[in-house]
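Encoded as structure tokens, the structure appears first; notes follow it.
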Amino acid sequence: MTADDLGRTAPHAVTVDLYRAVRLIRRFEERAIEFVRSGEIVGGIHPYLGQEAIAAAVCAALTSADVITSTHRGHGHVLARGADPGRMLAELMGRETGLNKGRGGSMHAADFSLGILGANAIVGAAASIATGAAWAYRQQGRDTVAVTFFGDGAMNEGMLLEALNLAALWQVPVLFVCENNGYATTMPVGSAVAGSITARARAFGMPAFTIDGQDPETVLKASTAAVARARSGKGPMFLECLTYRFDAHHTFEHRARLDYRSPGEVAAGRARDPVAIQGARLPERERAAVDSEVEAALDAAAEFALGSAHPDPADPLKYLYAVMP
Amino acid sequence: MPKLSYLKALNRALGDAMELDPSVFLLGEDIRVAASNLTAGLSSRFGPERVIDTPLSEQAFTNFATGAALAGMRPVIEFQIPSLLFLVFEQIANQAHKFSLMTGGQCKVPVTYVVPGSGSRTGWAGQHSDHPYTLFAHVGVKTVVPATPSDAYGLLVSAIRDDDPVVVFAPSAALGVRDDVDFSTLAPVPLGVGRVARSGRDVTVVALGHLLQDALVVADELAGVGISVEVFDPRTVYPFDVDGLAASVAKTRRLVVIDDSNRTSGFAAEVLALAAERFTLDAPPRRVTRPDGAVLPFALALDRAVQPGRDQLVAAINAVLEDQ
Ligand SMILES: Cc1ncc(C[n+]2csc(CCOP(=O)(O)OP(=O)(O)O)c2C)c(N)n1
Ligand SMILES: [Mg+2]
């Protein structure tokens, strides 16, 4: 579902589509964690569990002409933007059929045919890339909007603050989506950010709002308005989505128990579950139908990925250059 | 024939590239008024949308260029001082350079980074006098260091047309070099192709950027005492023209490299390693470089003492000719 459809589609269809999207991300991540445990995915992942509403709803507010950049915790964004789950999983498994032909992995998944300009493993780095891309598309006369996702930790990267300035200065059609899940790895946001996140964005002269990042429909409403505003030429906007990371910072944490969140805090955080919130808006039978649709898609994805060839080690640096003299 | 200065040649290359391709645009600090003269006249010719003065946000505008390149543009960034490349090393080496491989060839990042005034600027001291081309060669970013006005024009044009990121180092000491140039002969110079700047028999001297002039002067001097020096200008540091140098060394069987990098792991070290692996020489090769870990001191005599110079080059040439 896209914003194009939003006006025409019955609200119920929107509700169902959002549920399908959050459910798909949820189950994809749960299965990916299993593949990390079984060794099919090497190196681990940063699970997106708990934050599904943000990727699903922000991407639902976009048209096919728009572009996004993602992060180290990026599976949700890539899936929500429409990437094929089989090719996504194949990428995590380092297969030749992966989105990046097995050259990128979990933190770098990209699908340029869908406007996914890549997930970026350097915290805060993609915001300026998205700003440049959005600016360039506008120069070319297109009405593309760019969305750049990042975490609360990125708010302390100077380059991200520089990007906010450039975007506001040059009125670039870019939407900054800060997923504040309370922590940068183990560092609580309260110990890391002086002042407030949205006040920083407002200081550059762009509107900035804090919203409930656990409710897909809340996020959809806010991001639809923000995208429309950017598209109309009014410049960048900033959304701080309050959320909670349900699982580990990275799957390495499943073995190394790090002491930074109390069990009580985690339980309270998990109580506001975006999949449950959206699921409750569907009749039981319809929800079950979506669930089995998602499982079937993920079964097929797993079969595809597991059955895919590994890249040929004879040419490990293929694609290093566009042209090599 | 009209005289063309190195700096004017770069300026001409930018203008021609912008004329030919509307996706080329310039970004940098104080480039509208052309504080460094690199972009002189371009703002009035192409307008503020294509000659963009940026705030002092090197990291963001370097990634901004990457984003614009992903969206189909060909940005050219001017960096006012060479050490700004340290500030944006991540954005070039870790972002722009890695996108092609990491995305499995889904995209290209045709950004050109130009430093008009790399190396010692005489009197600008430690933080303005680096010449960090070796760093970019090491990480595999295409890197050129033109020596002459014609090559400055031709390599910059090729860098802009290239579909990968390219760093163009214009040495401060070369900016004023002027040559007689028939403007109709100005043409792109392919990346990765060196040039024999002076033909000789006894020893090959590898020199690039402003050091080419020094090497040519030394070659002239030594010709007077019966030593025939061949001067090879690689022009591109990475990818390096191995075949070009191999052909020269096959003839002279002796090799000296003069290089404005620090010694350890510098460009000269790489050329010497190549010689050890690939060439048959009659004497151990030598290099003339900045000292290990050099920081250019301010006082003029100290600044000069740290830079590779003609006397050292003469001594190195004599040494390889004496060695057997
Ligand atoms: C510039 C940079 N610094 C540090 C790291 C290591 N690192 C990876 S993720 C992360 C935490 C990021 O926190 P946040 O931005 O809040 O995103 P979250 O992990 O919570 O989704 C850190 C420190 C990095 N990848 N990049
Ligand atoms: Mg966080």
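Read-outs: derived from the displayed coordinates by stated rules, not from any lab. Just so we're clear, the structure is a prediction, and the values are computed from it rather than from any experiment. For neighbour counting, all protein chains shown are included, and Cβ atoms are generated from backbone atoms with ideal geometry for every residue, glycine included.
Some points to look at:
- Between A:Ala300 and A:Asp312, residue separation times 0.36 nm minus the direct Cα-Cα distance comes to 1.9 nm.
- Under 17 Å from a label point set 7 Å out along the Cα-to-Cβ vector of A:Ala192, the amide N atoms of region A:220-254 belong to A:240-253.
- For region B:88-246, diffusion coefficient by Stokes-Einstein and Kirkwood Rh (Cα), 10 °C, 1.306 mPa s, µm²/s: 95 µm²/s
- Whole-number Å³ per residue for the convex hull built on Cα positions in region B:3-185: 109 Å³
- Efficiency of FRET between B:Ala35 and A:Glu30 - r from beta-carbon atoms, R0 60 angstrom, step 0.05: 0.60
- Distance from the C-alpha centroid of region B:161-234 to that of region A:124-168: 41 Å, rounded to the whole angstrom.
- Semi-axis lengths (Å, descending) of the ellipsoid that matches the C-alpha gyration tensor of the protein assembly as shown: 52, 26, 21
- Applying a DSSP loop filter and a limit of 16 other Cβ atoms within 10 Å to the trypsin sites (Lys or Arg not before Pro) in region B:29-90 leaves B:Arg32.
- Karplus (6.51, -1.76, 1.60) ³J(HN,Hα), θ = phi - 60°, over region A:90-106, in Hz, Gly and Pro reported as x: 4, 5, 4, 8, x, 9, 4, 7, x, 3, 9, 6, x, 9, x, x, 3
- Spin-label model distance (nm) - B:Leu20 vs B:Ala283, 7 Å beyond Cα toward Cβ: 4.3 nm
- Using C-alpha pairs under 8 Å with a sequence gap of at least 6, the mean separation divided by the residue count of chain A gives a relative contact order of 23 percent.
- A:Arg202 versus A:Thr63: modelled label distance in nm, points set 7 Å from Cα along the beta carbon direction: 3.2 nm
- Measuring nothing but how far apart in sequence close Cα pairs (under 8 Å, 6+ apart) lie, relative to its length, region B:3-185 scores a relative contact order of 27 percent.
- Calculated SAXS-style log₁₀ I(q)/I(0) at q = 0.11, 0.13 Å⁻¹ - region B:195-322, Debye, Cα scatterers: -0.34, -0.47
- A crude spin-label estimate for the pair A:Val42 and B:Val295, with each label 7 Å from Cα along the Cβ direction, gives 4.2 nm.
- Stokes-Einstein D (µm²/s) once Rh is taken as the Kirkwood radius of region A:177-325 over alpha-carbon pairs, at 10 °C in 1.306 mPa s: 80 µm²/s
- Along region A:47-61 the Karplus relation, 6.51 cos²θ - 1.76 cosθ + 1.60 evaluated at θ = phi - 60°, assigns HN-Hα couplings of x, 8, 3, x, 10, 4, 4, 5, 4, 4, 7, 5, 5, 5, 8 Hz to successive residues, with x for each Gly and Pro.
- Flagged links, alpha-carbon separation over 26 Å, of A:Lys101/A:Lys221; A:Lys101/B:Lys98; B:Lys8/B:Lys142; B:Lys8/B:Lys108; A:Lys318/B:Lys142: A:Lys101/A:Lys221; B:Lys8/B:Lys108
- A convex hull fitted to the Cα coordinates of region A:27-146 yields 94 cubic angstrom per residue.
- Ratio of Rg to Rh for region A:3-300: 0.94 [Cα atoms; Kirkwood radius as inverse mean 1/r over pairs].
- P(r), alpha carbons of chain B - 20 Å bins starting at zero, rounded %: 33, 57, 10, 0
- Relative contact order [Cα under 8 Å, 6+ residues apart], chain B, whole percent: 16 percent
- Estimated FRET transfer efficiency when R0 is 30 angstrom, pair A:Ala289-A:Thr218 (beta carbons, to 0.05): 0.75
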